[in-house]
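To start, the structure itself, in structure tokens.
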Amino acid sequence: MLMLATGSQNLVAQAGKGKTKAKTQTDTQKPDLNSTQRVEMKTLIDSVSYVLGMNLINTVKQQQMLVNPAVVMQSLRDGFESKFVMSDDEMMKVYMRYEAIKAEEKAGPNKVKGKEFLAENAKKEGVTTLPSGLQYKVITQGTGAKPTSKDKVKVHYRGTLIDGKEFDSSIKRNEPVSFNLDGVIKGWTEGVQLMPVGSKYMLYIPAELGYGDKEVGNGLIPAGSTLVFEVELLEIVK
């Protein structure tokens, strides 16, 4: 709905069609953004202008953004007068900082739950905790070679959150997956290198070694999640 540049001349023509010359001149006057009076929508351009405002507000609400309406109006005034006080580069830095803070706040509760889970899990028999924070448990110990971070491997796996909710499974699809070990999350890169071919391990991966503060798979993996994987190393692909 925001792609309004194409055919804009036709819109203007339609908006002014059937209007007197005086009204057409009024429609193109510089907008008074300080006015608090409601404007009657008489033309298509008026309606399109209102729709743009609706889109802006809906975006703010959908993204649950905290904004200062007075400053939003100031930005609109500055934009119409071509005197923004920020450069495009400064704008992007502010937005990226805001998004990072939002992501961190959203991930916080899950990180706390993850740390509590790992603390309890570390007490269980057979679970080893590495300096990085990665935990693993041997289900089956293979006898083949161990891969390095530069190797490509073929695996079967099942991934869940700490509450047991499954978000992915090559086992369920009955399709082993091949990938380069240096092209996956850190917890996988470190954990799979511990495994001789033929092994099956449980990997317990803290958020810092997983997807961090990012939400993945349209919410299948919430931001800040600790991940649990059952991994079977089938072969080192040559």
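The values are calculated or read from the model by the stated rules, or taken from the named source; none is laboratory data. Everything numeric here is computed off the predicted structure, so don't read it as measured data. Cβ coordinates were reconstructed from backbone atoms using ideal geometry, including for glycine residues, and neighbour counts include every protein chain displayed.
So if I check each of Q63, Q135, which one is in contact with a Ser or Thr (Cβ under 6 Å, 6 or more places away or on another chain) and either within 30 Å of L209 (Cα to Cα) or aliphatic (A, V, I, L, M) (or both)? Walk me through it before giving the result.
Values: Q63 fails: in contact with a Ser or Thr (Cβ under 6 Å, 6 or more places away or on another chain).
Just one listed residue meets the conditions, Q135.
Considering only residues that are buried (at least 17 other Cβ atoms within 10 Å of the Cβ) and within 15 Å of V155 (Cβ to Cβ), look in region 198-226 and name the one that is nearest to the chain's Cα centre (by Cα).
The selected residue is I205.
Taking region 150-192 on its own, how many of its residues are farther than 26 Å from A223 by Cα and in contact with a helix residue (DSSP H, G or I) (Cβ under 8 Å, 6 or more places away or on another chain)?
Narrowing region 150-192 to residues farther than 26 Å from A223 by Cα: 150-154, 174-176.
Among the residues that remain, those that are also in contact with a helix residue (DSSP H, G or I) (Cβ under 8 Å, 6 or more places away or on another chain) are: 150-153, 176.
Matching residues across region 150-192 total 5.
Return a yes/no flag: does region 69-78 have any residue that is over 24 Å from M54 (Cβ atoms) and either at pLDDT below 90 or of a type in the set (S, T, N, Q) (or both). Before the answer, list the steps.
Taking region 69-78 first, the residues over 24 Å from M54 (Cβ atoms) are none.
There is no residue in region 69-78 that is over 24 Å from M54 (Cβ atoms) and either at pLDDT below 90 or of a type in the set (S, T, N, Q) (or both).
Condition first: under 28 Å from A103 (Cβ atoms), outside any helix (DSSP H, G or I) and of a type outside the set (S, T, N, Q). Now tell me which residues in region 68-87 satisfy that. Please lay out each step first, then the result.
Here is the first cut: in region 68-87, the ones under 28 Å from A103 (Cβ atoms) are 68-76, 79, 84-87.
After this cut, where a residue has to be outside any helix (DSSP H, G or I) as well, the list is 68, 84-87.
Within region 68-87, F84, V85, M86 qualify.
Say we look at region 121-174 and pick out the residues that are among the aliphatic types (A, V, I, L, M) and surrounded by fewer than 17 Cβ atoms within 10 Å (Cβ to Cβ); which of these is nearest to the chain's Cα centre (by Cα)? Give the steps one after another, and end with the answer.
Keep residues of region 121-174 that are among the aliphatic types (A, V, I, L, M), which gives 122, 127, 130, 134, 138-139, 145, 153, 155, 161-162, 171.
Narrowing the set further to residues that are surrounded by fewer than 17 Cβ atoms within 10 Å (Cβ to Cβ) leaves 122, 127, 130, 138-139, 145, 171.
Working: A122: 30, V127: 32, L130: 29, V138: 33, I139: 34, A145: 37, I171: 27 Å.
Step by step, filter region 121-174, then rank; the result is I171.
State the number of residues belonging to region 43-67 that are under 21 Å from A103 (Cβ atoms), of a type outside the set (A, V, I, L, M, F, W, C) and not in a helix (DSSP H, G or I). First the steps, then the outcome.
Within region 43-67, the subset under 21 Å from A103 (Cβ atoms) is 59-67.
Right, trim to of a type outside the set (A, V, I, L, M, F, W, C) and you get 59, 61-64.
Next, only the ones that are not in a helix (DSSP H, G or I) stay: 63-64.
Number of matching residues: 2.
Out of D151, D163, which single residue is modelled with pLDDT of 95 or more and more than 29 Å from K106 (Cα to Cα)?
On the way: D163 fails: more than 29 Å from K106 (Cα to Cα).
Of the residues listed, the single one that is modelled with pLDDT of 95 or more and more than 29 Å from K106 (Cα to Cα) is D151.
When you check G108 against the structure, is it at pLDDT below 95 and of a type outside the set (D, E), yes or no?
Numbers: at pLDDT below 95: yes; of a type outside the set (D, E): yes.
Answer is yes for this residue.
I need every pair where a residue in region 51-79 that is free of Cβ contacts under 8 Å to residues at least 60 places away in the same chain has its Cβ under 6 Å from the Cβ of a residue that is in a helix (DSSP H, G or I) and surrounded by 11 or more Cβ atoms within 10 Å (Cβ to Cβ), sequence separation at least 6 or different chains.
V67/V60
Report yes if D168 is over 13 Å from E232 (Cβ atoms), in contact (Cβ under 8 Å) with a residue 60 or more places away in the chain and of a type in the set (D, E, K, R), otherwise no.
Working: over 13 Å from E232 (Cβ atoms): yes; in contact (Cβ under 8 Å) with a residue 60 or more places away in the chain: no; of a type in the set (D, E, K, R): yes.
Answer is no for this residue.
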